[in-house]
Amino acid sequence: MSKKNNTDTESVAASGKELVPASDQPLTVEQIENMIFTIRGVQVIVDRDLAMLYGVETKRLKEQVKRNINRFPDDFMFQLTIEEAKSLRSQIATMNPIPSRSQFATLDTGRGHNIKYQPYAFTESGVAMLSGILRSEIAVDVNIRIMRAFVGMRRFLASNAQVFQRLEVIEHHQLEISAHQLQTDHQIEEIFNRLDQESLVPQQGIFFDGQIFDAHTFVSDLIRSAKKRIVLFDNYVDDTVLALLDKRKKNVEAEIYTKAVSRQLSLDIARHNAQYRPIAVTVFDRTHDRFLCIDNTVYHIGASLKDLGKKWCAFSKMGMPASELTNKI
């Protein structure tokens with residue numbers, strides 16, 4: 001724009017006549033879309049970008065608007081707060097690493113980083129009202145391009161609404177995680193500890209014939225997980241069961257309840273207890289099924305421990321404490 005055009009426009013505005021926009025190189029609709037921001041839930045263009053589009057000074061544009069202030073209610077035009085102006089400056093810096101001259105002017109600052117003034121924001125209705133103030137062919141053309149830019153932005157926001165909603169949810173969750181990071185770290189550590197102990201143990205399942213090693217590994221892991229006490233109810237026990245219970249940690253007690261103790265089993269128990277940590281064996285003939293109690297957790301097992309994997313058998317973790325079972329002995 002020539003110096004003469006600027007001088008003529010300012011003098012006309014100062015005289016109280018209508019502002020006449022002028023632009024040697026009009027911006028495209030796409031370029032205007034970059035000037036549209038969402039503030040207070042509505043799409044707006046700030047005063048200095050509008051002044052640039054119309055080819056006038058911001059001061060003169062605002063003066064002309066004030067002369068017709070009754071045409072600009074709050075849903076047509078409003079002034080940004082300091083916080084909103086700072087937020088808008090941040091949006092511009094994030095969206096465009098090399099802001100245009102108008103964007104720098106939009107958020108003009110004084111010394112340091114403080115906002116120098118609070119811009120006015122015009123909604124789509126407010127921009128349309130400007131066409132009644134700025135009467136000229138150029139003003140009409142500018143308003144048409146601005147209206148098309150608003151429509152384009154609405155279509156973009158509508159077509160990507162779900163994406164924006166998901167991003168908002170992700171951002172919200174990230175903020176929650178950051179606010180509780182210390183607590184989360186402790187919880188993660190606790191989760192890994194539980195994974196190492198219980199949660200990797202299946203809750204229920206079936207061992208088919210031939211899965212002897214799988215069944216043996218399953219029971220071995222259960223026995224290793226005990227911290228205080230192991231109680232086995234099994235009517236058919238031999239020396240292999242004694243060896244299996246020796247996989248328990250130190251200071252973990254082991255007890256077996258079985259319906260009969262043969263002469264051979266009695267000798268095996270005596271020899272075992274003379275060399276290894278003792279296992280208490282008690283005659284108990286009131287059970288039919290097999291139960292393995294690991295601390296206060298009860299597992300129901302469909303076959304004797306010595307026969308696991310030889311034929312089909314099921315196992316399941318029961319929803320009752322082991323104390324409820326052992327207290328009835």
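Odds and ends about this structure:
- Among the residues of the range 72-84, the ones that are modelled with pLDDT of 90 or more and over 16 Å from Val44 (Cβ atoms) come to 0 in all.
- Matching option when the condition is acidic (Asp, Glu) and open to solvent by less than 50 Å² (accessible area, probe 1.4 Å), among Asp285, Asp246, Asp289: Asp246
- Of the helices (runs of 4 or more DSSP H) lying entirely inside the range 221-329, the ones with 3 or more residues being over 28 Å from Gln211 (Cβ atoms) are found at 263-275, 322-326.
- Screening the range 208-226 for residues that are modelled with pLDDT under 90 and of a type in the set (Gly, Ala, Ser) and picking the one that is least open to solvent (accessible area, probe 1.4 Å) gives Ala215.
- Only one of Leu308, Leu244, Leu325 that is under 28 Å from Ile206 (Cβ atoms) and touching a Cys at 6+ places or on another chain (Cβ under 8 Å): Leu325
- Of all residues in the range 33-68, exactly one satisfies the criterion of being outside any loop (DSSP other than H, G, I, E, B), open to solvent by 70 Å² or more (accessible area, probe 1.4 Å) and in contact with a strand residue (DSSP E or B) (Cβ under 9 Å, 6 or more places away or on another chain), namely Thr38.
- Boolean, Thr258 is under 17 Å from Val219 (Cβ atoms) and of a type in the set (S, T, N, Q): yes
- When Thr258 is tested against the conditions (1) of a type outside the set (Gly, Ala, Ser); (2) out of contact with any Phe, Trp or Tyr (no Cβ under 8 Å at 6 or more places or on another chain); (3) modelled with pLDDT of 90 or more, the lone failure is (2).
The values are calculated or read from the model by the stated rules, or taken from the named source; none is laboratory data. Keep in mind that this is a model prediction, so the values were computed, not measured. Every residue, glycine as well, gets a Cβ built from its backbone with ideal geometry; the counts of neighbours run over all protein chains shown. We work out accessible area using only protein heavy atoms, side chains counted, and drop any ligands, DNA or RNA first. Shrake-Rupley method; radii C 1.70, N 1.55, O 1.52, S 1.80 Å.
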